Amino acid sequence: MERQTSQPIGTPLEFCLRQRAAGSAQQAAVTDVILALCDAAQSIARLLAKGPLGGSLGAETGQDNSDGDSQKALDVLANDHVVRVLEPAPVRYLASEEEDAILTLREDAPLAVAVDPLDGSSNIDVNVSVGTIFSVYTASKEGASASFFRPGSEQIAAGYFVYGPHTALMLTTGDGVDLFVLDPDYRTFRLAQPALVIVPSTSEFAINASNYRHWLEPVRTFIDDCLEGVDGPRGKDFNMRWVASLVAETHRIFSRGGVFLYPADMREAYANGRLRLIYEAAPIAMLVEQAGGLAIDGTRRILDRIPTELHQRTPLIFGSSEKVARIQNYHTDPGYSRGQSPLFRTRGLFNA
Ligand code: AFP
């Protein structure tokens, strides 16, 4: 068997983070949290890599999480790994999709962490990429709720692990976005691409088209205009993707641009969309904005939204800045809605 003789490529994550943290106690604590989450991610990746040999990880446990979403075996196992690695870390409060309430880990610790331990779990049994999403705040002196019921713009770090053909970490600590990849030969995350930028324009959108009949007018009009392609008001053809795994969609948008939409719709259960504000939308929004993209709920910036409930849902539209700005126009500018005078049929004039 060929031995690894070449030197590994890419600066180790710990080296990168310790360099940035020099002189900052807060950034040193953030570094400890990120390295702890890397341990959990490697455990989760090993569980996923076993696939059906590890039992049916995508099987329903018969339990529901706090908001009625059915829990899969791996949702619970992933959450166990996250709690295990964060208990000794500098974390005072932990909010998790798989926990009914906020956990207090260490009263004297400086940070508050929100996590979706396993996002996309309905994809586990079909071997499609899933992920772990995390958000880091300073712990509030006002207590657990105040540590998370605040604008996402107050996050001091955010990221996700994506478990795909390779395991990767997309990370921001407030000064741009860097991509790290797990080197399985050394069991270390290494810098693969610094300072990522999301291209401002795109011809690709991601939405669950089976919900078409439930969408509100602005989203339906935007998608109709895209589907009309080169003959329609946009004057060009578009491509569609839907993986049903937020982290996989986000990773694609980082790699080639695009726009993701999980809007509110006319169903009562989806009046506020499907995705969670604190541990899904806010960390994704911080990453996206740090890379030059935009993230809104249709009309408002996600990072300006202030949650009032731990598992609160939100509509989420994010990605290439010119396209997200256009979608916001469909929501706020009546001139974008269908049925206007023929003049508005030439929206292609504003083609971004
Ligand atoms: P699961 O974790 O239940 O699979 O949900 C995944 C998710 O929260 C997000 O990752 C996807 O973008 C979205 O839901 C898919 O929702 P639909 O199944 O309604 O398309």
Exercise for the section: Please state which one of T132, T104 is within 28 Å of H251 (Cβ to Cβ) and assigned by TED's automatic domain parsing to the domain that holds Q27. Expected result: T132
Exercise for the section: Can you run down the residue pairs with Cβ atoms below 8 Å, 6 or more apart or on separate chains, where the first is in the range 224-236 and of a type in the set (A, V, I, L, M) and the partner is crowded, with 19+ Cβ neighbours inside 10 Å and part of a helix (DSSP H, G or I)? Expected result: none
Exercise for the section: Kindly provide the set of residues from the range 226-243 that are among the aliphatic types (A, V, I, L, M), open to solvent by 80 Å² or more (accessible area, probe 1.4 Å) and under 29 Å from the mean Cα position of the chain (by Cα), ordered by number. Expected result: L227
Completion exercise
Scanning the range 249-274 residue by residue, those within 16 Å of the ligand (Cβ to nearest atom) and loosely packed, with under 13 Cβ neighbours inside 10 Å turn out to be M266, R267, E268, A269, A271
Handout entry: Residue in the range 139-149 that is surrounded by fewer than 24 Cβ atoms within 10 Å (Cβ to Cβ), away from the ligand (no atom under 16 Å from the Cβ) and basic (K, R) present
Key = yes
Problem - Residue check for L246: over 22 Å from L118 (Cβ atoms), under 15 Å from the mean Cα position of the chain (by Cα), open to solvent by less than 20 Å² (accessible area, probe 1.4 Å) and within 13 Å of the ligand (Cβ to nearest atom) - result: no
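The values are calculated or read from the model by the stated rules, or taken from the named source; none is laboratory data. Computed from a predicted structure; not experimentally measured. For neighbour counting, all protein chains shown are included, and Cβ atoms are generated from backbone atoms with ideal geometry for every residue, glycine included. Only protein heavy atoms, including side chains, enter the accessible area calculation; ligands, DNA and RNA are left aside. Shrake-Rupley method; radii C 1.70, N 1.55, O 1.52, S 1.80 Å.
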